[in-house]
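Q: Following this message is one structure expressed as structure tokens.
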Amino acid sequence: MITTLFLVAVARQDVTFEHKAAPVPVVVKALSEAVGQPLHADGSLNLDYVVVRFDNTPLEVVKERLGQILVATWRDTPEGPTLGRTSAQQAQLRSEYVKSTAERIREGLAKLAETEPPPTASLREAVREVERLRETPNRWQRVQELNRLAPSHRLAVALAKDIDWTTIPEIVEFLPIEFMLNPTRLQRPLGRNTGRLIAQYNREAETHRKIVREELAAGQFWWDPIARASQEIGPSDRIGLVVRPAMGNITIELVGLDQPVMVNPPMADYTSATPIEGLDGEYELSEQSQEFERVLKSRSNPGTEPIMMRDLLRLPEVEPLAWLPSDMLLGVAKTQGKDLIAVLPDFSSISFGAAPRGSQSVGQALAMLDMFMPLRITTDPFLSIASKNLAADHDWRCDREALGKFLRVANEREPMLGDFADLCKGLKGQGDGFMAFMLMSLVMGDSSPSSVLENLLLLKAFAVLTPGQRREAQGPKGATVSLPVSVPQLPAPFRDLIFRSRALLLPFNELSEPSEPEGPAMKSRILSTGREWFERSATTVYGNGLPPTSKLVFQVENVERVVADWGPRGSYLQRPMSPEELGRQMVLTARFQTNSAPPTKFAVVTVERLTISAYLGQEAAMQWIADLGGRADPEKMVPLDQLPEAVRKAIDNELAKAKDIAPSSDKPRTGPP
């Protein structure tokens, strides 16, 4: 028997290809067309946007590097080689994200501990040193330093350091995590050393109170800020930490004392960012990037230019928030003659566009971005850049098809509440909502998206309603949705609204006639996070289950509001307000001498008001209010004296109240507005 062996030589195929940021399936499809071979990527990579460049690179190397950077695997399918992420790889990414976030929190807390106040014996000297800040215009720094000297600040840092952050399976940007003594099911326990830390605090607080009393008796009234944060914690007192992760930062609040304590671990010191080496080179910005850069830096947008609008409406094939980094990274890769694979978070453009073009290198921009979201970066043998946060359930990207549909509506008419709700169906959390509404602001100007962002929890709850319930919400009685007793059975948007917003429980009689909300943000009835917080926190009171007969009532109505033109530096105020609030904002702007010029043109607009009331059993209630829409035509804005009489009088009344109040200082402001 004769056996013949045939050796088939497969010619190596080299790839020269580049693509600006787009979803992985879109990029792989374009790559497939470029090389003339079937290549695919499955839905597990829809949320990952990549920028790629290959120059005479073997196709097999291209595939290998894509799988490596994306933490994904190529598998054979009837359609051809397909790139996808397995459940095991997804779990790995999720675990890495939690670990990296926990490490950053620990590092920030360690930096805080390094700057702890001096021993109690020298407290008087320390306070007097802080008081010397009176001689400088930076009074905000003085307040911060005085707060840092309080023993409760040191307790907050110690309790936070005592928590094992790696045991938290999920850290969602902008949504709070509560750590309490005797926690409910929706809370987490404080660390093992809580008792010892409280005892240590009580010893320090007793000595501090004695010193404070002596100083106050001697007329040294600047001790008052730390006097309120040195009370004793008794055996029956309930304290805890409310942790609020945000974009690149975190806030820790000690609650349960009469005076709440806020701690901000220095997780991102942007001024000391060291440029990442090996990422220098020239680049040119495309027409789209130049337009995006202009809009990003203007801080005010009367409407989107045709170039921007054209490409925004092509979603999801394009990634507007990655236009700038796409051009910059591709330019550097070409200059250095290297291949490139970059997977960046949506908000990368904020960092890349933070400084005028030419004033920072790509290495500097990436160093700043790394502080927001830790990156994995290599420069040899090719440029690879990827966020350490590739887990889809923590990703900042939203449903681009839903966003594209919304933008098309916004290009034709004023979006309605239903349009916002449909968009929110595709949002997984707060982070992707932030990015969605940043894109919306490019189309709609600054008046509406900021209010939508603040009210994202309300919109996601409204999005749960059926079309019939939405119609009922516009009637006089509103739409009623009964709530299950079991917290895990609550739809996630309802659960977040009730237990993860800052709204607190109220008696029914306080809910019957809500007062005018301050701006378009949710009706929160925010109280001090001191001792009273525990009596009115839904997480503490109902964290183990809701009372029977609990329900949500949704109501939608049209109300009149006023929009003012605050100029480019006042874009954060460019939203519909009640005449009373607008008058108060005009007073505050003048009194605190902000950079915003007083508005000279105004318009009356109609907004949709969404009110959600939660009736929890027969005893307590919560309420939120959001005002949506209200774009004003710049051509139809008029001076104050041409507004309707009732509106003008309401504004004038607020201005009249402040006529005898002089500005707080002749020096420029240094604190928050």
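The values are calculated or read from the model by the stated rules, or taken from the named source; none is laboratory data. Since this is a predicted model, take the numbers as computed values, not measurements. Ideal geometry is used to build each Cβ from the backbone, glycine not excepted, and the neighbour counts take in all protein chains shown. Only protein heavy atoms, including side chains, enter the accessible area calculation; ligands, DNA and RNA are left aside. Shrake-Rupley method; radii C 1.70, N 1.55, O 1.52, S 1.80 Å.
Q: Under 6 Å between Cβ atoms, at least 6 apart or on separate chains: pull out the pairs that start in the stretch 81-97 with a residue that is of a type in the set (A, V, I, L, M) and end on any residue that is assigned to a loop (DSSP other than H, G, I, E, B).
A: What qualifies is LEU83/ALA72; LEU93/VAL71; LEU93/LEU390; LEU93/ALA391.
Q: Please go through the stretch 264-281 and give me each residue that is open to solvent by less than 40 Å² (accessible area, probe 1.4 Å) and either in contact with a strand residue (DSSP E or B) (Cβ under 7 Å, 6 or more places away or on another chain) or modelled with pLDDT of 70 or more (or both), ordered by number. Working first, answer last.
A: Taking the stretch 264-281 first, the residues open to solvent by less than 40 Å² (accessible area, probe 1.4 Å) are 265, 267-268, 273, 278-279, 281.
Within the stretch 264-281, PRO265, MET267, ALA268, GLY278, LEU279, GLY281 meet the criteria.
Q: Can you name the residue in the stretch 58-107 that is of a type in the set (S, T, N, Q) and surrounded by 17 or more Cβ atoms within 10 Å (Cβ to Cβ) and is also nearest to TRP165 (Cα to Cα) among such residues? So that I can check it myself, show each step before the final result.
A: First, the residues of the stretch 58-107 that are of a type in the set (S, T, N, Q): 68, 73, 77, 82, 86-87, 89-90, 92, 95, 100-101.
Narrowing the set further to residues that are surrounded by 17 or more Cβ atoms within 10 Å (Cβ to Cβ) leaves 82, 89-90, 101.
Working: THR82: 36, GLN89: 22, GLN90: 20, THR101: 8 Å.
Of everything passing the filter in the stretch 58-107, THR101 is nearest to TRP165 (Cα to Cα).
Q: Any residue at all in the stretch 337-346 that's assigned to a helix (DSSP H, G or I) and either at pLDDT below 75 or open to solvent by less than 10 Å² (accessible area, probe 1.4 Å) (or both)? Before you say what the answer is, go through the steps one by one.
A: At the first step, the residues of the stretch 337-346 found to be assigned to a helix (DSSP H, G or I) are none.
No, because not a single residue in the stretch 337-346 is assigned to a helix (DSSP H, G or I) and either at pLDDT below 75 or open to solvent by less than 10 Å² (accessible area, probe 1.4 Å) (or both).
Q: Okay, moving on. Confirm whether ASP237 is at pLDDT below 80, closer than 19 Å to GLU204 by Cα and assigned to a loop (DSSP other than H, G, I, E, B). Don't jump to the end; show me each part of the working.
A: Working: at pLDDT below 80: no; closer than 19 Å to GLU204 by Cα: yes; assigned to a loop (DSSP other than H, G, I, E, B): yes.
It is false that ASP237 is at pLDDT below 80, closer than 19 Å to GLU204 by Cα and assigned to a loop (DSSP other than H, G, I, E, B).
Q: Just checking, how many residues over the stretch 289-319 are in contact with a strand residue (DSSP E or B) (Cβ under 9 Å, 6 or more places away or on another chain) and either over 17 Å from GLU18 (Cα atoms) or at pLDDT 75 or above (or both)?
A: Here is the first cut: in the stretch 289-319, the ones in contact with a strand residue (DSSP E or B) (Cβ under 9 Å, 6 or more places away or on another chain) are 316-319.
If we keep only those that are either over 17 Å from GLU18 (Cα atoms) or at pLDDT 75 or above (or both) too, we end up with 316.
Qualifying residue count, the stretch 289-319: 1.
Q: Which residues, taken from the stretch 580-610, are modelled with pLDDT under 80 and polar (S, T, N, Q)?
A: THR589, GLN593, THR594, ASN595, SER596
Q: Taking the stretch 1-45 on its own, how many of its residues are in contact with a strand residue (DSSP E or B) (Cβ under 9 Å, 6 or more places away or on another chain) and modelled with pLDDT of 80 or more?
A: Here is the first cut: in the stretch 1-45, the ones in contact with a strand residue (DSSP E or B) (Cβ under 9 Å, 6 or more places away or on another chain) are 12-32, 34-35, 37-45.
Checking the rest, the ones that are also modelled with pLDDT of 80 or more come to 13-32, 34-35, 37-45.
Matching residues across the stretch 1-45 total 31.
Q: Looking only at residues that are at pLDDT below 75, within 27 Å of ARG104 (Cβ to Cβ) and of a type in the set (D, E, K, R) in the stretch 375-404, which one is farthest from the chain's Cα centre (by Cα)?
A: Filtering first and then ranking leaves LYS388.
Q: Moving on. Inspect all residues belonging to the stretch 643-655 and state whether any of them is under 30 Å from PHE554 (Cα atoms), at pLDDT 80 or above and surrounded by 16 or more Cβ atoms within 10 Å (Cβ to Cβ).
A: Step one: filter the stretch 643-655 for residues under 30 Å from PHE554 (Cα atoms), giving 646-647, 650.
When the remaining residues are screened for being at pLDDT 80 or above, the result is 646-647, 650.
Subset that is surrounded by 16 or more Cβ atoms within 10 Å (Cβ to Cβ): 647, 650.
For the stretch 643-655, residues under 30 Å from PHE554 (Cα atoms), at pLDDT 80 or above and surrounded by 16 or more Cβ atoms within 10 Å (Cβ to Cβ): present.
Q: For LEU197, state whether it is assigned to a helix (DSSP H, G or I), within 30 Å of LEU456 (Cβ to Cβ), of a type in the set (A, V, I, L, M, F, W, C) and at pLDDT 80 or above.
A: For LEU197, the condition - assigned to a helix (DSSP H, G or I), within 30 Å of LEU456 (Cβ to Cβ), of a type in the set (A, V, I, L, M, F, W, C) and at pLDDT 80 or above - is not met.
Q: Can you name the residue in the stretch 219-234 that is open to solvent by 40 Å² or more (accessible area, probe 1.4 Å) and assigned to a loop (DSSP other than H, G, I, E, B) and, of all such residues, is modelled with the lowest pLDDT?
A: So, considering only residues that are open to solvent by 40 Å² or more (accessible area, probe 1.4 Å) and assigned to a loop (DSSP other than H, G, I, E, B), the one modelled with the lowest pLDDT is ARG228.
Q: Considering every residue within the stretch 497-511, establish whether at least one is aromatic (Phe, Trp, Tyr), at pLDDT below 75 and either open to solvent by less than 10 Å² (accessible area, probe 1.4 Å) or in a helix (DSSP H, G or I) (or both). Don't jump to the end; show me each part of the working.
A: Our first condition is that a residue be aromatic (Phe, Trp, Tyr); within the stretch 497-511, this holds for 499, 508.
Narrowing further to those that are at pLDDT below 75: 508.
If we keep only those that are either open to solvent by less than 10 Å² (accessible area, probe 1.4 Å) or in a helix (DSSP H, G or I) (or both) as well, we get 508.
Yes, that holds for at least one residue.
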